[in-house]
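Only one structure is covered here, and it is reproduced in the block below.
Each value in this text was obtained by applying a stated rule to the coordinates, not by laboratory testing. Values in this document were obtained by computation on a predicted structure and should not be read as measured data.
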Amino acid sequence: MTAGRARLYYTCTFLCVSFRALRESVDGHARRPGLPCWLDTRTVEMLSAELRRCREEAVPFAELHRPLDHALYHCGLLMAQCPGALDHRRCRQHLGAIIAPLEDTTTLLASPPRREGPWLAAARRLGGWLRH
């Protein structure tokens, strides 16, 4: 695993664990009836900034774009409706929608990168040559 890929793996793992901890915190408050949804917006802002940075570092890894974009989208929705505009159920849904693609990303990063076969590599080189 290259250094950049390893850094992304550990960053995505950190983000996944952090968003899970937030979800557990929200679940703890949901067990107490009458309390509004509680979410530490500063923590979410910090995690959102880290997620954006992670997405920028993932530019060379095309297979990571979709799950990270998905996580960023739901993080933006969560931030737009937080604090207080969400009930526990909706907040939990957004957090789950952030966690799932982060889990997919860590799975993709943990597996060895796909290697091109000799024919695909040759076709790519020829395609580039033909375009010029």
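Report ³J(HN,Hα) in whole Hz for each residue of segment 2-16, in order, from the Karplus equation J = 6.51 cos²θ - 1.76 cosθ + 1.60 where θ = phi - 60°; Gly and Pro get x.
6, 4, x, 5, 5, 4, 4, 4, 5, 5, 5, 5, 4, 5, 4
What are the ³J(HN,Hα) values, in whole Hz, obtained from phi via the Karplus relation 6.51 cos²θ - 1.76 cosθ + 1.60 with θ = phi - 60°, for each residue of segment 98-103 in sequence order, with x given for Gly and Pro?
Per residue, the Karplus-derived 3J(HN,Hα) values read 7, 5, 4, x, 5, 5 Hz.
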